[in-house]
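Single-structure report; data block below.
Where a number appears in this text, it was derived from the coordinates with a stated rule and is not lab data. Bear in mind the structure is a predicted one, so any value in this text is a computation, not a measurement. Please note: Cβ atoms are built from the backbone with ideal geometry, for glycine as well, and neighbour counts cover all protein chains shown.
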């Protein structure tokens, strides 16, 4: 591993020395990829791709530690019911081509992915879209729980024009969000591609107003760091980041999918009335209350007023009840009780311990943990059940499964008591 | 943290130290050990001031038997305050660890304008009138008169201070100007006179360059400093110019007219005092005859501006006979004024050496050299005798006497240049007679001779070997330190071509070429669209800036810039510029973004920081050479070539490049900061120019960035800004250690400094 790291830093130096300016655009793709450097000669002289999984895993673990660091000491409250406005800057700067094919297309693509991921992780939350164009902020969609409507509205309006105004956007969002119920968490995520903001008034006042109404503002910049954005995020407790390239932009966006820690003074416990509608019987015909269309089958029935709705989660248009399905609630649950990060097993202790006690395979996928050359490969262990896992399973367990197979198989009869911990 | 450098225990008020700060201290300590002078270059933003203060005060603590005094010279009052604030932190830390024995007295000293607490005196608008207003209330004869006539207004603060006499002392501590004023107000003592009195007792004195370099002032303020002092000149890259200005005088027609009026008034005063109190003039005459006092110190307490020439240059001579009597002296001055008036009437540019000037003065006006030499002293003495308090009105005659004394004293290193009009505006007659000093070493020589160690330090002292020659001294240590950085937070680029591949330059034959102007404009248009917040542009001169902005306006380039950012321009008017700067900052703060057009060698380039978002990019348009046809510059170049063997070209390049470095250095003020610098001129790519940039810029100037066109620069800037916007890791990783802890230092002390990780 240390060998590999040295190689990696060596590579970076090479890249620095490389005169990257004197080349044409057509060659740059090869320089950026440097596909030949992803090969490595093994003992027998065969070319093999470099095994980067260890490095990826290290990156992942750093991220995980960062997330759990805050949660480690005290049990942190998280806002599961979020009202998020996504503000997209469609000003002149969004037409720039430094992201291929253009910033605007790339933004739209990744916001689409983000919306889907967001509803996957926060089934109880709602999103609204706002765009800035010609110095004016427009509402694309109102708050709602259906990803499809947002995506449709977003894709319909892809053109970049005029100046950008942060203040107008914040004022608009603030106005919209002032009506949401008090238990919900108000957030704005701004994708900002311009480098200046033409405001009608004093933006500092608007920032203070946002702060007062507990609006958490986060900004993702597409070109460079702007002081005012940084200031806004610092004041309102949001995150500010600037995307280096497309992949980074995607990562930064997805960082906003899991619910953020709740603002302390705001986090009061509250009882919310919810309905769990049943899926309407196949073949029964009804007019749905959301689209005003006659539909056969498909859809849910509000338990209070029996109105038909197409998608969950949503709010019943007739009686205003929050409608969710139980899997949605269950999916939100893991945010409150994340599984602790697994401990890394040091290379040589695994030589003695892991082999002796547990054999050589991962508890999750039953693959051998012995790497090439009969050396023990990198692996991790759960603090509670002491089972060993390979790196792939580690990522899978923490990011998708949210349950430790080891703990689950041991504690199954006492799972109730576990939940109470 | 507390650590040892060789045998000195250093008290440093922060938990971590940069490696270059440590090295800086080591070199400084060796200088102090050797009791010699040193030149140290360290980039701004690396904590130069605190390293310096903490080492010197710690050095003092470690040698209790021979306490050294620290004299710290700054250029501006603002810097003075910053230094004292840092010293306060340090002092608190030392007292915390060592108890009361570490207590020191540190004061800042400034002019009456900054220190006075008397509201009536402060009402005067400029420095000279504040001085005069103060004298009107504190001069000894005014005070003597007031005992008889209670209507005469005095300054209560000064009276209280005088009453307290020997007991008027400051308790140990660090006093900023603000603290001094507060203390003075509280006790009812005059802070200005108190501070001046305390100079001889203080352990640390922070004041302006002039108090040491300008012989007129230095004689009064700094004469009581002991030899065991360490003198520090901070931000000293322009120290040669300061020295030269201290000994240069220019006389215009207005000056002569004013001087004539002054003489008339003096004449009246003489007549009046003859009528009322003839004894006083006689007493002064007698004193001068006896040669007892060079200056007619009439009543002890009043200290006046001393001789503008250097103390050692005036031998212990008595005032020559022909000017001892007041009337005679006035006659001599009249003849001198007449002669100067005739010389100013010339049609041609004239250049003369002081020797020939004095001899022609002697033959035509009958004033000999020795008489000239004593003009300034004699005038001061006369004004004291005549009890003149509104000294600000007498500035013209003082200027003329100053001129006379300098001409009379120095035969070498000066020249007299008479120009009938300004070179750039030949149709407006504006005759000016300049006595310009060419030799920077004249003014600073007594400082080097008198004090044990002189430290000259700045962010830009490159090439470092030229300074000892210009100032003619031998440093025991001269070193340039690099900045250790966790990331490459500066990005210098040399732009040689526009996007159409035509070279750009402000060379004389190219600067008005429309292609160059357009390319410069396009560069800025492109840059403002990719750089956030603040952008600063420096031009080589006001006239060039005016010209290029006018052209940009016509061709619509300015409009394109305004779409992205607001535009602010530095003018020669200080108030206007301050206002522009203020609004520039506001535009940067609120996210609108702004461009500031400024001039190299201007006020903004010298004293204003464009740190953080106030300056993400600085564009240096052209190489800021001095106006090479200026007679004064030519004379100075000639002198430098003959005396110090410094080639004209070398000196000009050195001077231009230090200005350029000074301009671009404005953007980075700390390690967490980042900024880009674009040198937009093809001449920067030449080795002889480039190599004169300071090391900390050069080390970041990669070969690939030496010969860029606009589009390449845009590409680099984009990547750089993205990279810098990523979260900043303070401690540094990957073996580049930039923050040292106590343990690191101890380890280093064992293995030697050389192993330091960069």
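For the protein assembly as shown, the C-alpha radius of gyration sits at 1.17 times the compact-globule guess of 2.2 N^0.38 Å, with N the residue count.
With helices as the sole contributors, the protein assembly as shown gives -13500 deg cm²/dmol at 222 nm; each DSSP H run of n ≥ 4 counts as -39500 (n - 2.57), and the sum is divided by every residue. Legend: ranking of residues B:376, B:542, B:192, B:161 from fewest to most surrounding C-beta atoms inside 10 Å; resulting order B:542, B:161, B:376, B:192. Of all DSSP-defined beta bridges confined to the protein assembly as shown, some 35% are antiparallel rather than parallel.
Using C-alpha pairs below 8 Å separated by at least 6 residues, the relative contact order for chain B is 17 percent.
Among B:277, A:163, the order by Cβ neighbours within 10 angstrom, fewest to most, reads B:277, A:163. The Cα atoms of the stretch A:81-263 give a gyration tensor whose axes a ≥ b ≥ c have a/c under 1.5, which makes the shape rounded.
Computing FRET efficiency as 1/(1 + (r/R0)^6) for residue A:97 and residue B:35, where r is the C-beta to C-beta distance and R0 is 60 Å, gives about 0.40. Listed by Cβ neighbour count within 10 Å, with the fewest neighbours leading, B:245, B:153 appear as B:153, B:245.
Pairwise Cα separations in chain B fall into 20 Å bins from 0 onward with the following percentages, short to long: 15, 44, 34, 7, 0.
Using the empirical formula 2.2 N^0.38 Å as the baseline, the Cα radius of gyration of the stretch A:274-335 reaches a ratio of 1.12.
Working from Cα pairs under 8 Å separated by at least six residues, relative contact order for the stretch A:275-332 is 31 percent. As a calculated quantity, the FRET efficiency between residue A:230 and residue B:2 at R0 = 60 Å, using C-beta atoms, amounts to about 0.95.
Modelled this way, with points 7 Å down the Cα-to-C-beta line, the labels at residue A:368 and residue B:586 are 7.4 nm from one another.
With the simple model of a label 7 Å out from the Cα in the direction of the Cβ, residue B:264 to residue A:155 spans 9.2 nm. Here the extension length gained between residue B:499 and residue B:227 equals 91.9 nm, from 0.36 nm per residue of separation less the Cα-Cα distance.
Note on A:219-231: average number of Cβ atoms from other chains within 10 Å of each residue's Cβ is 6. Antiparallel beta bridges, as assigned by DSSP with both residues in the stretch A:182-330, represent about 45 percent of the total such bridges. Look at the Cα gyration tensor of the stretch B:408-563: its axes a ≥ b ≥ c give a/c of at least 1.5 with a/b at or below b/c, and that counts as oblate.
For chain B, the antiparallel share of DSSP beta bridges with both residues in that region comes to about 25%.
Measuring r between the beta carbons of residue A:344 and residue B:715 and using R0 = 25 Å, the FRET efficiency lands at 0.05.
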